[in-house]
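Chemist: My structure is below; once you've seen it, I'll send some questions.
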Amino acid sequence: MKLKLKKQTSKTIMMGMILLFFSCKTYTISVDSFREQMINAKKEDMKEVKINNPLSYTNIKYASNNIERIKALDKSGKDVYLDNSPSIELRITRRDNKKYFLYFDTVILENDTLKGGESRFIQGLTNQIPMDDILKIEIQDGKKDFKYKKN
């Protein structure tokens, strides 16, 4: 009986992981297109926003960029527009194949360096990546339960 229950649990967990993996569509953006779209995302133009904290009843405050949406390419090479939201994530691959994850609404371009937040819960956890070191940029809606709150 225990073995049957263990197999059933393993199958359920595996199916959940597969659904999670395939439910998030990943898009790509060339480094040049990203640079061009982010040219107006500057530190002085950032605004304070509040989002819900799915782990508690408190809100999370942080500085967000002023980008309303970003253009990317789907796997067929067609243009896709993603509206900025707290659940949009960037996956940056550097030329040395190291990967970094940043929340898109925290990302700015400063002196040809990409700067952004890696965590919603630890605000000081940020990363800076020179644009010349970036090999690939992928973007997806992580479907996390983050939503903007009115100030």
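The values are calculated or read from the model by the stated rules, or taken from the named source; none is laboratory data. Bear in mind the structure is a predicted one, so any value in this text is a computation, not a measurement. Quick reminder, even Gly has a Cβ in these numbers, built from the backbone with ideal geometry, and neighbours come from all protein chains shown.
Chemist: Taking only pairs six or more apart or across chains, which ones have beta-carbon atoms under 7 Å, a first residue in the stretch 80-91 that is farther than 13 Å from N66 by Cα, and a second residue that is assigned to a loop (DSSP other than H, G, I, E, B) and basic (K, R)?
Modeler: Cβ pairs passing all conditions: S87/K143; S87/K144.
Chemist: Kindly provide the set of residues from the stretch 35-52 that are touching a residue at least 40 places away in the same chain (Cβ under 8 Å), outside any helix (DSSP H, G or I) and under 25 Å from F121 (Cβ atoms), ordered by number.
Modeler: Residues satisfying the conditions are A41, M46, E48, V49, K50, I51, N52.
Chemist: Only one residue in D96, D145 is loosely packed, with under 13 Cβ neighbours inside 10 Å, at pLDDT 95 or above and in a loop (DSSP other than H, G, I, E, B). Which one? If you could, list the steps in order and put the result at the bottom.
Modeler: Working: D145 fails: at pLDDT 95 or above.
Of D96, D145, the one residue that is loosely packed, with under 13 Cβ neighbours inside 10 Å, at pLDDT 95 or above and in a loop (DSSP other than H, G, I, E, B) is D96.
Chemist: Which of (1) free of Cβ contacts under 8 Å to residues at least 40 places away in the same chain; (2) under 25 Å from D83 (Cβ atoms); (3) β-branched (V, I, T) is the odd one out, the single condition I122 does not satisfy?
Modeler: Against the list (1) free of Cβ contacts under 8 Å to residues at least 40 places away in the same chain; (2) under 25 Å from D83 (Cβ atoms); (3) β-branched (V, I, T), I122 comes up short only on (2).
Chemist: A further question follows. Filter the stretch 63-81 down to residues that are assigned to a loop (DSSP other than H, G, I, E, B), of a type outside the set (V, I, T) and surrounded by 15 or more Cβ atoms within 10 Å (Cβ to Cβ), then give me how many there are. Step through it out loud before you land on a result.
Modeler: As a first pass, look at the stretch 63-81 and keep what is assigned to a loop (DSSP other than H, G, I, E, B): 65-68, 74-78.
After this cut, where a residue has to be of a type outside the set (V, I, T) as well, the list is 65-66, 68, 74-78.
Still in the list and also surrounded by 15 or more Cβ atoms within 10 Å (Cβ to Cβ): 65.
Total satisfying the criteria: 1.
Chemist: For residues that are hydrophobic (A, V, I, L, M, F, W, C) and touching a helix residue (DSSP H, G or I) at 6+ places or on another chain (Cβ under 8 Å), scanning just the stretch 35-67, find the one that is nearest to R95 (Cα to Cα). Steps first, please.
Modeler: Step one: list which residues in the stretch 35-67 are hydrophobic (A, V, I, L, M, F, W, C), which gives 38-39, 41, 46, 49, 51, 55, 60, 63, 67.
Narrowing further to those that are touching a helix residue (DSSP H, G or I) at 6+ places or on another chain (Cβ under 8 Å): 49, 63, 67.
Values: V49: 33, A63: 28, I67: 26 Å.
Of everything passing the filter in the stretch 35-67, I67 is nearest to R95 (Cα to Cα).
Chemist: Here's a follow-up. Out of the stretch 114-134, which residues are modelled with pLDDT under 95, of a type in the set (V, I, T) and part of a strand (DSSP E or B)?
Modeler: Result: T126, single match.
Chemist: Which of the residues belonging to the stretch 101-113 are touching a strand residue (DSSP E or B) at 6+ places or on another chain (Cβ under 6 Å) and in a loop (DSSP other than H, G, I, E, B)?
Modeler: Correct list: V107 only.
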